[in-house]
Structure formats: structure tokens, C-alpha cells
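Below is one structure, written out as C-alpha cells; comments come after it.
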Amino acid sequence: MDGVLVDSTPAVARVWSRWAAKHGFDPEWATKLAHGRPSLATIQEILPNASPEILHRENQWMEREEIADVADVVALPGAVELLSVLAPEQFAVVTSATLPLAEVRLRAGGVLKFAHHLITSADIQRGKPDPEPYLKGAALLHFRPVDCVVIEDAPSGIRSGKAAGARVIALRTTTTDDELLAAGADWIVNDCSALRFSPMPVGSQLTIELAASPDTRAPRMR
């Protein structure tokens, strides 16, 4: 979702910077650590000695602030066009956000109407980079993970998709090429506007073409 379908980077940075400053941590470090992971997992890593009650309270604060801060959340290039040609049964949104936050951001970006299948932090026990999120996304669609293509912008999400057995297209929307490649990305493009999906009946082979450009690291794939 974040960094693939919607641009929430400024909002995420604002909220995590406020939280980090409140606890005396470097805002840039905390924001980078949080990218692509459930907020609770990041808070637990930053506050390893906090009690369950404190962790729960801090996570609730984070969710409230993120839900409230969506004024400049917009769809990323190509997101609406991509989702509008895919049948709902062909894709799922697999996000580290909670369901309420996912719905708010997808609605702000104008793409909630396309998202019929969602896996959120409430559906998993182990967040990205663990394979569980994408294994559950594939199961929700009744596909084998090996038959799925994951589109990701975060190293933790790329590792999750690869560990699940899927191929991964990485986007440059938030992360450098070196980090994307180190995480195991199979292809790298700028954003979803570089992808062309050929509409086909559900159950048929789906063709994905990556627009040729000097910055595209990708062959045609099926």
C-alpha cells in the first residue's frame, strides 16, 4: 500500500518524527526503521524494555495520529490505472498497517474502491520481512505463492515476498536501488506507471509488461 499505491511518506515521517522526538530518538532513524513494518514491531524494537501496557498505549497513539494525518496522502503514479484493469479476484493489498489506517489511506488516495481483498496487521502474527503476510495474501486469492508477483517499495516487504516464494517487482518510490537489490528484488522500476497489465479472464495467465526506459531493470515476464 504505502509507497506502492499511495504516497504517505510525508505523513509517516511527520508522525514518526513526533513520536521519536517525544522519546528522545533520532526522527530520521526511527522513520526509516518503521518503513514497511507493523508499527508495533518497530515500537517494540525501539523500546525493548517497555511493558506490554506501555507498548499497547504507544501503538494506539501511533495509529490515532496516522489516521488523523492524511491531508496530503495521494495515489502514486500508475496506481489507479493498474488497479482499474485488474479483476478483484486477481490481486490483494498486503499491508503492515491496521485495517482502519489502510482504509483511510486507500480512501484518501482514491483507490479503496478497487481493494476488495486486504491483508492487514490484524491478520498476521509475524510481520514483514517474515513470509506470513504474502503467504496469507496468496491464500486469500487461492493462488500458489510461486504464481504470484509482489509489488513492493520496502526492503522488508521484498524479503517477505521472496521468502513466500513469489517474484518481486520493486519500486523506487522510497528506497534506493542498492537497498532494493540487496533485499532480493527481481526487477526495479520507478513506479506503477511503468507496468502494463493485459486484462485476461481470471484463471488465465496474466501478462505484465514493464515499460522500456533507461532506468528499468527488467525483462518482459509472464
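General observations
- Selected residue [of a type in the set (S, T, N, Q), more than 28 Å from residue 194 (Cβ to Cβ), under 14 Å from the mean Cα position of the chain (by Cα) and buried (at least 19 other Cβ atoms within 10 Å of the Cβ)] from 121, 96: 121
- Tallying residues that are open to solvent by 50 Å² or more (accessible area, probe 1.4 Å) and either among the aliphatic types (A, V, I, L, M) or more than 30 Å from residue 21 (Cβ to Cβ) (or both) within the stretch 66-81 yields 7.
- Filter pass, residue 172 being within 24 Å of residue 2 (Cβ to Cβ) and at pLDDT 95 or above: yes
- Scanning the stretch 113-147 for residues that are of a type outside the set (A, V, I, L, M) and closer than 13 Å to residue 93 by Cβ gives 113, 114, 116, 117, 120, 121, 123, 133, 134, 136, 137.
- Selected residue (criterion: modelled with the highest pLDDT) from residues of the stretch 187-201 that are over 22 Å from the mean Cα position of the chain (by Cα) and open to solvent by less than 80 Å² (accessible area, probe 1.4 Å): 198
- Residues being under 28 Å from residue 14 (Cβ atoms), in contact (Cβ under 8 Å) with a residue 24 or more places away in the chain, open to solvent by 30 Å² or more (accessible area, probe 1.4 Å) and more than 13 Å from the chain's Cα centre (by Cα) are entirely absent from the stretch 82-93.
- Residue in the stretch 12-35 that is more than 21 Å from the chain's Cα centre (by Cα) and either within 14 Å of residue 96 (Cα to Cα) or aromatic (Phe, Trp, Tyr) (or both) present: yes
- Which numbered condition residue 63 misses (of (1) open to solvent by less than 10 Å² (accessible area, probe 1.4 Å); (2) at pLDDT below 95): (1)
- Listed by position, the strands (runs of 3 or more DSSP E) enclosed by the stretch 100-196 that each have at least 3 residues that are within 21 Å of residue 34 (Cα to Cα) are 149-152, 167-171.
- Among residues that are open to solvent by 20 Å² or more (accessible area, probe 1.4 Å), over 25 Å from residue 211 (Cβ atoms) and in contact with a helix residue (DSSP H, G or I) (Cβ under 6 Å, 6 or more places away or on another chain), residue 135 is included.
- Considering the conditions (1) at pLDDT 95 or above; (2) part of a helix (DSSP H, G or I); (3) of a type outside the set (D, E, K, R); (4) closer than 14 Å to residue 96 by Cβ, residue 54 is excluded by exactly one of them, (4).
- Hits in the stretch 157-186 - residues which are within 18 Å of residue 126 (Cα to Cα) and surrounded by fewer than 20 Cβ atoms within 10 Å (Cβ to Cβ): 163, 165
The values are calculated or read from the model by the stated rules, or taken from the named source; none is laboratory data. Predicted model only: the values in this text are computed from it and were never measured. As a convention, Cβ positions derive from the backbone with ideal geometry for all residues, glycine included, and neighbour counts pool all protein chains shown. Just so you know, the surface numbers come from the protein's heavy atoms only, side chains and all, with ligands and any DNA or RNA stripped out. Shrake-Rupley method; radii C 1.70, N 1.55, O 1.52, S 1.80 Å.
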